[in-house]
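The values are calculated or read from the model by the stated rules, or taken from the named source; none is laboratory data. Quick caveat: nothing in here was measured; it's all calculated off a predicted structure. Don't worry about glycine lacking a Cβ; one is built from the backbone with ideal geometry, like all the others, and counts go over all protein chains shown. Protein only, heavy atoms only, side chains kept; ligands, DNA and RNA dropped before computing areas. Shrake-Rupley method; radii C 1.70, N 1.55, O 1.52, S 1.80 Å.
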Amino acid sequence: MSEIKTLSSQEIYCNQWMRLKEDRIERADGSHGVYSVIEKPDFAVIVPVSEGFIWVVEQYRYPLSVRTIELPQGSWELDPNADPIAVARGELAEETGLLAQKMEQIGYQKLAQGYSSQGYHIWLATDFVSSTQQLDAEEVGLTCRQMPVTEFETLIAEGKISDATSVTAFLLAKLKGFV
């Protein structure tokens, strides 16, 4: 039995990237409340490494008004049921121009389970063939570079890489011995 019963659900906002709904709920103790939920498709985050180096992307993040350093990541909103490895390969090629000859699944995590069911598949990418970036219109200005893994770790420790998905993906890859 669920601890919270949904009494009604109303779509508040929807576009091609997300849906926001507001649910009227009843808790196990009988009290009522409102729960807002953001629905977005799962996405892929890629840890591209080779010989002590990691590839990162840097892009302007509008909500923060700054450029941030992150691991390549993304979803296919128009094909939410796409195979996660296809999404990972596609996003890596799109954002970095790297075609990975080898992909290994590292794991799966939830992004923000307090208000969304969205999760992300984490992939290790190695053995690259270089191509060219194929950025979407929303990614104008995105740049890609490689850096030593030790520098990436330092930037995380200093709080200069603050994207939780990138930090978690890298930490899981390291804990599992991929990096």
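Brief remarks on what is shown
- Choice from Val140, Val56, Val167 with maximal GNM fluctuation in the chain (Cα, 10 Å cutoff): Val140
- Calculated from the alpha-carbon coordinates, segment 56-126 shows an Rg and a Dmax of 13.1, 36 Å respectively.
- Among Ile106, Ala82, Val56 the positive-end extreme of the charge dipole of segment 50-179 (Cβ point charges): Ile106
- Fraction of accessible area attributable to carbon and sulfur, the chain (%, probe 1.4 Å): 52
- Under Karplus coefficients 6.51, -1.76 and 1.60, residue-wise ³J(HN,Hα) of segment 75-85 in Hz, glycine/proline x: 10, 10, 4, 7, 9, x, 9, 4, 4, x, 5
- Accessible surface for the chain, divided over its residues, is 57 Å² per residue with a 1.4 Å probe.
- Extension gain, Val129 to Lys110: 0.36 nm times the residue separation minus the Cα-Cα distance gives 3.8 nm.
- For Gly119, the residues whose modelled amide H falls within less than 5 Å of its own, excluding neighbours fewer than 5 places apart on the same chain, are Asp42, Phe43, Leu111.
- Pairs of Lys residues in segment 1-132, spaced 8 or more positions apart or belonging to different chains, with C-alpha separations under 21 angstrom: 4 in total.
- Full-stretch length increase - Ser36, Arg19 - with 0.36 nm per residue and alpha-carbon distance subtracted: 5.1 nm
- Surface/4 estimate of mean projected area, convex hull on alpha-carbon atoms of segment 1-64, nm²: 8.2
- Descending Cα extents along the principal axes, the chain, whole Å: 58, 34, 33
- For segment 77-165, the square roots of the Cα gyration tensor eigenvalues, ordered a ≥ b ≥ c, give a/c below 1.5, which places it in the rounded category.
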